[in-house]
Amino acid sequence: MIRCSKCLLPSSLPRSNFNDKGECFWCQTNYPIYKPKGEDRLLTLFDTYRGGRSPQCLVGVSGGKDSAYVLMKIAREFGMKAEAFTYKHSGATEHSLQNAARVCENLKVKHHFVSLRESEHLHVFQSFFKVWIKNPNVISAAMTCVACKHMHILANELAKSRGIPLVIWANCPIEDSPFLAINLKSTNPDQQYVREGLMAGAIRLSKTMIKTPGFTGAFIRHLSLCASGCLALTPAAKYLKFRFPKQRQIFYFDFCDWNPYTIKQELIQNTDWRPPSDVADDWHSDCTFHIIKEYMYQKMVGVSYIDGFLSNQIRREFISRDEALIKLQSAKRYLANNLENALISSGLEKYLPEIDFSCFNKSTI
């Protein structure tokens with residue numbers, strides 16, 4: 001495997017387009033473009049929602065460090081009257097759920113749990129994993145998490161029912177990998193990358209239905225959930241704006257810098273948030289399904305989400321390439337060692353004989 005001389009992404013990735021210096025396309029273009037608007041603009045926005053006794057904002061908290069940090073800043077430092085919600089599903093780890101509850105209690109923030117019908121999320125994940133294992137492709141892999149997108153709907157239903165006008169999310173462009181099924185793109189180098197449009201996504205989905213046996217059947221079996229999940233792909237989706245016109249969505253890290261070291265340090269010092277002790281890296285440690293998703297991309301394209309995440313951090317100079325490579329190798333060992341348990345806990349143990357655990361060895365160069 002030939003990796004980029006600057007980051008960790010390999011030449012085998014589509015559109016990598018290495019130059020004569022051995023740098024990938026994403027390093028050449030400084031992917032992803034990330035220029036926070038500034039804390040002052042966020043405070044100005046908050047000022048329009050202050051006043052009265054009602055809660056002013058609803059913050060999504062998974063139990064991971066980024067979302068817990070955002071809630072801490074919103075409620076404690078910026079003094080907003082906040083409530084929080086956690087999307088509970090079959091893949092959510094007990095540690096993350098406890099973290100979310102502890103942080104909310106520490107901050108004296110009302111905490112809500114939202115969820116789909118019992119095991120519905122798990123059944124959708126299982127259905128599309130079974131499609132993927134027979135015919136691996138990025139759309140089938142992406143659809144395993146279509147149920148996750150319902151947290152955007154459930155959050156807005158909760159906000160609407162409680163008269164909360166502002167919903168705040170902890171997503172950050174640095175987390176986005178360039179090999180996602182739904183690509184990030186930008187025609188202006190000074191703008192944030194944005195998701196490709198609904199029509200482009202629908203075309204990719206339709207092509208997969210035609211080419212992939214079993215995909216259409218899985219989609220139809222979970223038609224309502226899949227359709228609404230695709231429409232609510234991100235909190236910024238037009239579908240959500242249409243369905244919840246009185247709720248506004250914002251991304252905290254569109255305004256304030258994302259820094260993994262500052263986030264973790266401040267969070268541990270100022271709340272009861274606790275890092276998981278049994279993982280190589282706490283990123284995405286709030287979901288067991290993520291281990292399986294990492295495997296799916298590792299098997300298909302030789303890299304997974306963690307490669308993209310660390311590479312984005314290298315470009316932002318949060319970490320050196322050598323440090324990132326050590327983290328990557330540790331993460332891949334963790335994934336290889338825990339994939340079996342993740343499949344068993346997800347009710348997919350019958351597929352263990354078809355799993356290529358050795359694909360994680362490609363993390364070494």
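Here are a few things to note about the model shown:
- Cβ separations smaller than 6 Å between residues 6+ apart or across chains give the following pairs from the range 43-60 residues that are touching a residue at least 12 places away in the same chain (Cβ under 8 Å) to residues that are outside any helix (DSSP H, G or I) and of a type in the set (Gly, Ala, Ser): Ser54/Gly163; Cys57/Ala82; Val59/Ala82; Val59/Ala84.
- Check on Lys350, basic (Lys, Arg) and either without any contact (Cβ under 8 Å) to a residue 12 or more places away in the chain or over 25 Å from Asp176 (Cβ atoms) (or both): yes
- If you go through the range 91-101 and keep only what is under 17 Å from the mean Cα position of the chain (by Cα) and surrounded by fewer than 18 Cβ atoms within 10 Å (Cβ to Cβ), you end up with just Leu97.
- Pick from the range 21-76, criterion of a type in the set (S, T, N, Q) and surrounded by 17 or more Cβ atoms within 10 Å (Cβ to Cβ), ranking: farthest from Pro165 (Cα to Cα): Ser62
- Any helices (runs of 4 or more DSSP H) falling wholly within the range 1-92 and containing at least 1 residues that are closer than 18 Å to Asn312 by Cα and aromatic (Phe, Trp, Tyr): 25-28
- Residue in the range 23-75 that is modelled with the lowest pLDDT, counting only those that are β-branched (Val, Ile, Thr) and farther than 22 Å from Leu97 by Cα: Ile33
- Of all residues in the range 244-289 being within 28 Å of Gly163 (Cα to Cα) and charged (D, E, K, R), the one that is farthest from the chain's Cα centre (by Cα): Lys246
- Condition check for Lys88: touching a Ser or Thr at 6+ places or on another chain (Cβ under 6 Å), charged (D, E, K, R), within 24 Å of Lys241 (Cα to Cα) and surrounded by fewer than 20 Cβ atoms within 10 Å (Cβ to Cβ): yes
- Residue tally, condition of a type in the set (A, V, I, L, M, F, W, C), in contact with a Lys or Arg (Cβ under 9 Å, 6 or more places away or on another chain), surrounded by 19 or more Cβ atoms within 10 Å (Cβ to Cβ) and part of a helix (DSSP H, G or I), over the range 255-308: 3
- Verdict on Ile139 being at pLDDT 95 or above, of a type outside the set (S, T, N, Q), under 18 Å from Ser228 (Cβ atoms) and under 21 Å from the mean Cα position of the chain (by Cα): no
- Filtering the range 232-254 to residues that are in a loop (DSSP other than H, G, I, E, B) and among the basic types (Lys, Arg) leaves only Lys246.
- Residue identified as closer than 30 Å to Pro10 by Cβ and in contact (Cβ under 8 Å) with a residue 40 or more places away in the chain among Asp272, Asp278, Asp257: Asp257
- Where a residue in the range 12-41 is at negative phi and its partner, wherever it lies, is buried (at least 19 other Cβ atoms within 10 Å of the Cβ) and among the polar types (S, T, N, Q), with Cβ under 6 Å and at least six apart: Cys24/Ser16; Phe25/Ser16
- Subset of the range 175-221 [modelled with pLDDT of 65 or more, of a type outside the set (D, E, K, R) and buried (at least 18 other Cβ atoms within 10 Å of the Cβ)]: Ser177, Pro178, Phe179, Leu205, Thr208, Thr212, Phe215, Ala218, Phe219
- Once the range 117-134 is narrowed to residues that are surrounded by fewer than 22 Cβ atoms within 10 Å (Cβ to Cβ) and among the aliphatic types (A, V, I, L, M), the residue that is nearest to Leu223 (Cα to Cα) is Leu122.
The values are calculated or read from the model by the stated rules, or taken from the named source; none is laboratory data. Computed from a predicted structure; not experimentally measured. Glycine also receives a Cβ, built like all others from the backbone with ideal geometry; neighbour counts cover every protein chain displayed.
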